[in-house]
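What follows is a set of notes on a single structure, which appears directly below.
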Amino acid sequence: MNKNRYTLTRVLALMVFLLSLQGIQAQTSQDTNSDTNWIDEITSRITPYGSIRIGAGFAEEGEIGIANNAPRAGIKMKHALSKDETENFNVVGGVELGFNLVSRDETVAFAVDPGAGIAQVGDAVFTRLGFVGFSYKEFEFTFGKQNSVYYTMGANQVDKFLAFGGAGIGVWNISDGGISGTGRANQVFILKYKKNGLSLGTQAEARNISENSESIDTYGFGANYEIDGFQIGVGYNKVNDGVEDPLPNQAKEGDEAFVASASYEKDRFTVAASYASLKQHQRTTLNGDDFFYDATGIELYARYKFSTDKRWHVAAGFNYLGPDDDQGLGDFDTKFGIVEVGYNFKKSSHIFAASQIDQSKNIAGDRRNQSVFGIGIRFGL
């Protein structure tokens, strides 16, 4: 079954390539006097992007380190299949690579979202995203490794810090969330609709990696509505093929996640909040073994651009993730505040100083994490 899906991926990629060539040949034959060459034709359909993200800082007990902050580079592709703009039928696709610019053994960790997937941890270069598909007017259908509808529609409003956060919304539950389908979902079909501020999405993962494999191994839904700076979204995801004692690349039986978020942005001020209800979705280590638990998560975010040119900002927020009372984890929780000051020196580029003030506890009620203080740069290319 996996072999068939890899074959399907190659076929889809070949189709995109052939359709691109067909469009180039058609335009060349119709306009022989044009100075446009085949390189220009291809590059006009491709948008490259990248972001160098590195942080340096120290923990409260004195450890010092330089860390990755999810650096990446990629391309987006969109090719019209008809010259009639009213038809608006396109081939779309994208590839995004992640980079380990410094050691993966990081003393001080900066991670708005995790980098490599389960099998790629430690790789110098790894795949973050890779997908192909079609779009028609308000609809888009894609297949590959992609950001889930759970994240893009229900959770990303609050995931805005430059260095920390993302612990309470259930997106990156294990590595990059690809196995469960809440993060950068693996081998996933996604159908989206967007019009007049309303976005709807549904997805289905076809992974087949456990003895309980189903035709649809996980599925999810999302909805988002935006009007006059106000945005509200929800996301839901459920695992069908989970097992009781999963291997690192398998999902947990009973894994289910729901998230709801709201945000408001006007002029210099932004505020956002998220709530997550998670069943057998989060994982911790208990007595040397993996333990999955039900939990409730909350994230808060607020930012104010205080300089006249709106380049300087100050932001603050809070992350909380706590197991339900019947999970037998005592006082265990994840709980920290975030304070950040940043300067936007170029589009998508910032320098910043940030602190994660950690008050997380273990089962006995003792602190289990150090607070972290650091500076960093995010340079958009």
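Structural remarks
- Loop trypsin sites (Lys or Arg not before Pro), segment 249-283 (other Cβ atoms within 10 Å of the site Cβ: 16 or fewer; DSSP): ARG268
- Fraction of accessible area attributable to carbon and sulfur, the chain (%, probe 1.4 Å): 56 percent
- Over segment 141-201: Rg over Rh, Cα atoms, Kirkwood Rh: 0.99
- When every Cα-Cα distance of the chain is counted in 10 angstrom steps from zero, the calculated P(r) takes the values 5, 20, 31, 26, 12, 4, 1, 0 percent.
- For segment 223-274, convex hull volume per residue from C-alpha positions, Å³: 94 Å³
- Tilt relative to the chain, helix 2-30 - C-alpha long axis, 0 to 90 degrees, to 10: 40 degrees
- Highest-MSF residue in the chain out of GLU214, GLU87, GLU226 [GNM, Cα springs under 10 Å]: GLU87
- Per residue accessible area of the chain, 1.4 Å probe, in Å²: 50 Å²
- Stokes-Einstein D (µm²/s) once Rh is taken as the Kirkwood radius of segment 249-381 over alpha-carbon pairs, at 20 °C in 1.002 mPa s: 126 µm²/s
- Residue with peak Gaussian network fluctuation, the chain [Cα springs, cutoff 10 Å], from ASP325, ASP309, ASP255: ASP309
- Ranked from largest to smallest solvent-accessible area, with a 1.4 Å probe on the protein heavy atoms, LYS347, LYS192, LYS310, LYS145 come out as LYS347, LYS310, LYS192, LYS145.
- Of the residues SER349, SER148, SER307, the one that moves most in a GNM of the chain with alpha-carbon contacts below 10 Å is SER307.
The values are calculated or read from the model by the stated rules, or taken from the named source; none is laboratory data. Keep in mind the model is a prediction, meaning the values are calculated, not measured. Cβ: placed from backbone, ideal geometry, glycine included. Neighbour counts: every protein chain shown. All accessible areas refer to the heavy atoms of the entire protein, side chains included, with ligands and DNA or RNA removed. Shrake-Rupley method; radii C 1.70, N 1.55, O 1.52, S 1.80 Å.
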